[in-house]
């Protein structure tokens, strides 16, 4: 069976390499209020990994020094870090566009009180998980009551101007298939989300469709259901060379909670840091070198190149 | 059965069009159009597809429409109810033929 590397070589005539570093993605910890069945990092309330203030400051120094245009903050649930405001404000002060990836429901937790207003004041782009528009499907994957809670938070964000034309406050949503299947056409799903959420009084900017990554808790499910082989065969069959240019790993560097550098958040789950020829810690961040790096790949990379891609 | 039904063949459906591509193209156009949102939603059509797939006992269709139902946000409860509906119709169809047997028997039974 051909490896991902060999498949890419055949399509590109060479290995997969970075195209630049325009996004610094910071995974500030694996603690989360939810335990989603599709989580590639197996995040949950029991996870203790959190980014320290020192590591955040190293990341902010890198953003300032090298003028990184975008800081993309993820987790776990980043809102459960007591240092999130410090990080967001620091990145904005450095002139970066800031994205926070939210599971929505966490914004109802006491620890997140006032955060939506803080996001608005800082002009943060919110990328929110809403894996389906059928409530029962969302609750099955993320836990009972999650869908209604998510809708209430979306209404609150809309109330602050998020997702509304002319406010500049961007609210994007993320769809994940409710099982070991690939997403349908993005436009069709986006139209459906727009129609069904409008009926709930909710608006948003764009919908991103992400295939479920065969790592972490989702991989455990695939192994348990004896579906790993057929899922991997499915994504392998759906390999689309047109996705290679836009792969997120070619445009960003992902920083783990402890400062280790990765090609993407998925490689964190497999503990595959950036190639050894590059400095591998945020304290030694070298965007010039990283912009020329060879991307470290594995079998799981076929998920990102399946169909329309998961860029 | 394994020799007759191979799950990988579902992905090879397009090969049926090898010798009569125009006929296959017409079929696919019609097939796809018939499953689009209309007076019935895609979700309702996925359930009808699943029911019919069971009634005609086509393993490829069962595989494809189960995936379609999952993509539409349905779970085992929906899927099981659809299978029961299809089975009930099939069962009813067999049972009503009891009248046929009765009609014949009444003519010949002493």
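If I take all pairs of Cα atoms in the range A:105-182, what percentage of them are more than 21 Å from each other?
Of all Cα-Cα distances in the range A:105-182, 31 percent exceed 21 Å.
Taking only the Cα atoms of the range A:198-311, the ratio Rg/Rh comes out at 1.04, with Rh defined as the Kirkwood radius. Distance between the modelled labels on residue A:229 and residue A:6, one decimal in nanometres: 1.9 nm (7 Å Cα→Cβ projection).
Averaged over the residues of A:177-186, the number of partner chain Cβ atoms lying within 10 Å of the residue Cβ comes to 3. Note on residue A:46 and residue B:76: the model spin-label points, each 7 Å out from Cα along the C-beta direction, lie 2.3 nm apart. Under a Gaussian network description of chain B, with springs only between Cα atoms under 10 Å, the residue in B:23, B:35, B:50 that fluctuates furthest is B:23. The long axis of helix B:59-71 is offset from the longest Cα principal axis of chain B by roughly 60 degrees.
Fewest neighbouring Cβ atoms within 10 Å first, the residues B:108, B:48 line up as B:108, B:48.
I'd like the mean, over residues of B:65-71, of how many other protein chain beta carbons sit within 10 Å of each residue's own Cβ.
On the way: counts 0, 2, 6, 2, 0, 6, 10.
Taking the mean over all residues of the peptide, I get 4.
With respect to chain B, whose longest principal axis is taken over its alpha-carbon atoms, helix B:42-55 is tilted by about 50°.
Once C-alpha pairs closer than 8 Å and six or more residues apart are averaged by separation and normalised to the residue number of the range A:53-161, the relative contact order reads 24 percent.
From the alpha carbon gyration tensor of the range A:38-167, can you work out the equivalent ellipsoid semi-axes (sqrt of 5 times each eigenvalue) and give them in Å, largest to smallest? Walk me through the numbers on the way to the answer.
Details: eigenvalues 135, 69, 30 Å².
Working through the eigenvalues yields semi-axes of 26, 19, 12 Å.
Among B:30, A:257, sorting on how many other beta-carbon atoms sit within 10 Å of each Cβ, with the fewest leading, yields B:30, A:257.
Look at where the Cα atoms of the range A:68-114 and of the range A:116-190 average out, and the two centres are 16 Å apart.
Averaging over all projection directions, find the projected area of the Cα convex hull of the range B:13-108 and quote it in nm² with one decimal place. List each step's numbers first, then the result.
Values: hull surface 37.0 nm².
Mean projected area for the range B:13-108: 9.3 nm², to one decimal.
Residues A:220, B:77, ranked from the fewest to the most other C-beta atoms within 10 Å, line up as B:77, A:220. The relative contact order of the range B:13-108, computed from alpha carbon pairs under 8 Å that lie at least 6 residues apart in sequence, is 21 percent. Structural descriptor for chain A: relative contact order 24 percent, calculated from alpha carbon pairs under 8 angstrom and at least 6 residues apart.
So between residue B:9 and residue B:24, what do we pick up on full extension, going 0.36 nm a residue minus the alpha carbon distance?
3.8 nm is the gain from fully extending residue B:9 to residue B:24.
Estimated from helical segments only, the mean residue ellipticity of the protein assembly as shown at 222 nm is -13000 deg cm²/dmol, where each DSSP H run of four or more residues counts as -39500 (n - 2.57).
Values of log10 I(q)/I(0) for chain A across q = 0.06, 0.08, 0.10, 0.11 Å⁻¹ run -0.19, -0.34, -0.54, -0.66, by the Debye formula with one identical scatterer at each alpha carbon and no solvent.
Quick one: if the Förster radius is 35 Å, what FRET efficiency do residue B:96 and residue B:39 give, using the C-beta to C-beta distance and rounding to 0.05?
Details: r = 29 Å, r/R0 = 0.84.
According to the calculation, E is roughly 0.75.
Values quoted throughout were computed directly from the atomic coordinates according to the rules given, and no laboratory measurement underlies them. Keep in mind that this is a model prediction, so the values were computed, not measured. Using ideal geometry, Cβ is built from the backbone for each residue, glycine included, and neighbour counts are taken over all protein chains shown.
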